[in-house]
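Take a look at the structure below.
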Amino acid sequence: MTADQHTPWTGYQPVQAWDEAVDVHGKVRDPYRRVYHEIDRMSGDDLYSRAEALASTYLAQGVTFDHAGEERPFPLDIVPRVVGADEWEIISPGVAQRVRTLEAFLADVYGSQHCVNDGIVPRRLIATSQYFYRSAAGIDPANGVRVHVSGIDLVRDQHGIWRVLEDNVRVPSGVSYVLSNRRAMSQMFPDMFGAMGVRPVLEYSQRLRAALTRCAPGDIDDPTIVVLTPGVFNSAYYEHSLLARTMGVELVEGRDLETHNGRVYMRTTAGRRRVDVIYRRVDDDYLDPVAFRPDSALGAPGLVHAARLGNVTIANAIGNGVADDKLIYTYMPDLTRYYLGEDPILPNVDTWRLEEPDAREEVMDRLDELVVKPVDGAGGKGVIIGPKASRSELDAVRAQILEDPRGWIAQPVIQLSTVPTLTEDGLEPRHVDLRPFAINDGDDVWVLPGGLTRVALARGQLIVNSSQGGGSKDTWVLGGERQRGVKTPPPESRVELGGMDAVPQAAHPDDVEHGQQQQQQQQQGEPSC
Amino acid sequence: MLSRIAESLFWIGRYVERADNTARLLDVHLNVLLEDPWVDEPSANASLLSVMNCEFETPVARRDVLATLAFDPERASSIAWTLGAARENARRAREVISTEVWESLNTTRNQLPRWTASARPHEFFVWVRERAAVVWGLHSATTSRDDAWHFMELGRSLERADMIARLLMTRHFEGTSGPNWTTLLRSCSAHEAYLRTVRALVTEERAAEFLLVDRLFPRSIAYNLQKAEDTLGLIEGASNSRALSDRARLALGRARTNLEYRDVRAVLDDLPGQMQEVQRACGTASDLIRDRYFLPASTVLWSQEAL
């Protein structure tokens, strides 16, 4: 950037958090170098018009979410978020390790509960968790997998260290935006992709399908897989239909399913068809009116019974919520050591459990400088950020904590890392998190290279959830070149192809003749003029 | 194919075809109002609305007709509503229809608000017909000829037979001499095909025959009834339970043969009555198809099973 020229980067100034693109001295960090220069060459207007084009393609494709009853294009920021290959070398095994721990914990909790007997996790913690379902205790998943799909939320603190903020092992959503963000961005910046060696994300659907196939009950070779959606009015409906479409399986609603004699069927125009694997995107509570909420119309009666008989696999398993409880979260480092005998690769965010009197006492005095969260909240609901909260909000939350200490945790305010984001005032740093998605097929945990980067669009805002007005970014994980290099064909095969004669393309004989005649006529006319 | 999806596909077919034909119908109607110097506009408008089975208050102004049948997205009879409903059904069947078809329906819905009543209606009608053509073209180029295709084609041919029957009823409107047969042929995009087939000037019998029973022209009533019958036979599992789907074919076949084996003069003498018969047959067939393919075979009651 030359000093006298005005580019989109003019005036870009990192705030006190870790900025992933530019360090404190204004020097561009390595992974971002190419993105920086690409944008540097554009004018501000060009950047805005590309951003507008992105929004309009999303509207046409129907990549939308419901906001106050209105369909809006899902906000995708024009500046990608780049994760270097060396960072991914930490994140990917770290997430896989986390998933293996969660699997082991769930198998234990719904099995013999060794972790309780060995004193790692207090029994009352599990017994009081509202997502611990005794009715799920007897269900043994076919290939031992309960967390088929997980989303582990990561943040980067002031020192650039990746930390786990939250585990999602019930019905983590957002992967469709990873896929469609990539599709849109690759059309917007085609040349950058090849040059930077961005790792592809498209194989997610095949991976998911393979994992679901492998978890089918019994020895079914070609199981019938369905995606169970709450319906077209669900805010994640786009995702459900995209996954069903790209996996090539049926998307069903609860009313499409029937159970007979402990087997699950879907209603088709040619009669009933047996279902073997249900990738459900309906919460536990609504899954089966017999086992859970009797008023639910979203599930199908008898599903849990069929799963218990081993006639159908429900993915993710019922009762997973006990593991992504925010209190269990605080035990995760211990559990990793306990089950795997490994030290956790990705650290937690320091957390106080408010049910412990000492911790509560310490926190109560410092509420105004901490973040307090309800343990069973999702989507950023109920989170109080101390420094930004008013007196009355703090008093209210204080009373709530004293009333139900089991229901709350406290954490120091983490200045989430920032990434340049296009705002009304040009490029500015905005806080982001990252949700990488992992698929467990029973043998291996595969982490999608990329993930959903959520960005808080308002200045200084730390809550990034899309239900709170957050946007998203395409996440580019570098280091795809080596893999691609293996796949390029050896030179001799190209020579062989070049030696072949091309098959001519036919055309209407009159047209060809006419062309020749014209040529001849022109040539004959030449000498006379 | 899931019953719920099949139902959505069936209705996408019907809605897109309905929008296309409503645009044609309105275009003819406005044309007649312009060309006929002795026209009694309110009663002609009222006849049109009653043919389309809409409620109205007399006297009916041209503005009301356009709102009811073209622009008002709140009324189920309007093109705007129909295209919106087609898109909602496509959203429900999103994983079965191709991305191209989905995007064309979605874009159509998104562009609808640009066309307000103040724009020249004729341009709107051209646009609607174009959008329908885009949808059909993409549908035909990207859909496997399996049940997904059959159910949409079924809805489409039923709707087309029904709408052409309604269009022909405009011949006998109150307060106007009605559109002449050349106009009717043109509005069905049939004029050139007619001239090539019949090789004669437009006469009433020949033109009526062409639109009613021509076996090759894709906008004749008999062609579409025949196609709906054939499609019903192609749907997977049609042979398993014969009764209901066969009753649908029976209704369609009866209406078709009634036209084919009757003297064209006799049909013309009772055109409104005969055309209503066609519409009724389409309605009956549609209900039977719903009972056979879209509704659960029996209501399943769940009772506690012993572990």
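Read the figures in this text as sums done on the coordinates, not as results from a lab. Since the structure is predicted, the reported quantities are computational estimates derived from the model, not experimental observations. Here Cβ is always computed from backbone atoms with ideal geometry, including for glycine, and neighbour counts include all displayed protein chains.
Some observations on this one:
- Distance between modelled label sites at B:ASN53 and A:ALA359, nm, 7 Å Cα→Cβ extension: 6.5 nm
- Available extension along the chain between A:HIS25 and A:ALA210 is 61.9 nm, counting 0.36 nm per residue and deducting the alpha carbon span.
- GNM on chain B, alpha-carbon springs under 10 angstrom: the most fluctuating residue among B:ALA228, B:ALA61, B:ALA200 is B:ALA200.
- Dipole magnitude of chain B about its Cα centre (Cβ charges: Lys, Arg +1; Asp, Glu -1), debye to nearest 20: 520 debye
- Those residues of region A:126-143 whose amide nitrogen sits under 17 Å from the label point placed on A:GLN400, 7 Å along Cα→Cβ: A:130
- Positive-end extreme of charge dipole, chain A - chosen from A:LEU257, A:GLY174, A:VAL155 (charges on Cβ): A:LEU257
- What the Cβ-Cβ distance of A:ARG293 and A:ARG163 gives, at R0 = 41 Å and to the nearest 0.05, is a FRET efficiency of 0.70.
- Among A:SER296, A:SER49, B:SER157, the order by Cβ neighbours within 10 angstrom, fewest to most, reads A:SER49, A:SER296, B:SER157.
- Sequence of A:PHE193, B:PHE173 once ranked by neighbouring C-beta atoms within 10 Å, starting from the fewest: A:PHE193, B:PHE173
- Of the residues B:ALA61, B:VAL51, B:VAL126, the one whose Cα sits farthest toward the positive end of the charge dipole of region B:16-160, with +1 on the Cβ of Lys and Arg and -1 on the Cβ of Asp and Glu, is B:VAL126.
- Student exercise, region A:350-413 dipole from Lys, Arg, Asp, Glu Cβ charges, in Debye to nearest 20: 300 debye
- In region B:145-205, taking the dipole from charged Cβ atoms about the Cα centre, the farthest positive-side position among B:LEU154, B:LEU184, B:PHE173 is held by B:LEU184.
- When all alpha carbon pairs of region A:350-413 are counted in 10 Å bins from zero, the resulting P(r) reads 24, 64, 12 %.
- Where the alpha-carbon atoms of region B:3-292 are placed on the principal axes, they occupy 56, 47, 37 Å, in descending order.
- Label-point separation in nm, B:ARG62 to B:THR116, each point 7 Å along Cα→Cβ: 1.9 nm
- Over chain A - Rg/Rh using Cα atoms and the Kirkwood inverse-distance radius: 1.06
- Whole-angstrom gap from region A:219-238 to region A:264-321, using each part's C-alpha centre: 11 Å
- Shown for the protein assembly as shown: lysine pairs separated by 8 or more places, or found on different chains, whose C-alpha atoms are under 27 Å apart, numbering 10.
- Dipole magnitude of the protein assembly as shown, debye to nearest 20 (Cβ charges: Lys/Arg +1, Asp/Glu -1, about Cα centre): 1340 debye
- Likely footprinting exposure, A:MET192, B:MET275, fewest C-beta neighbours within 10 Å first: A:MET192, B:MET275
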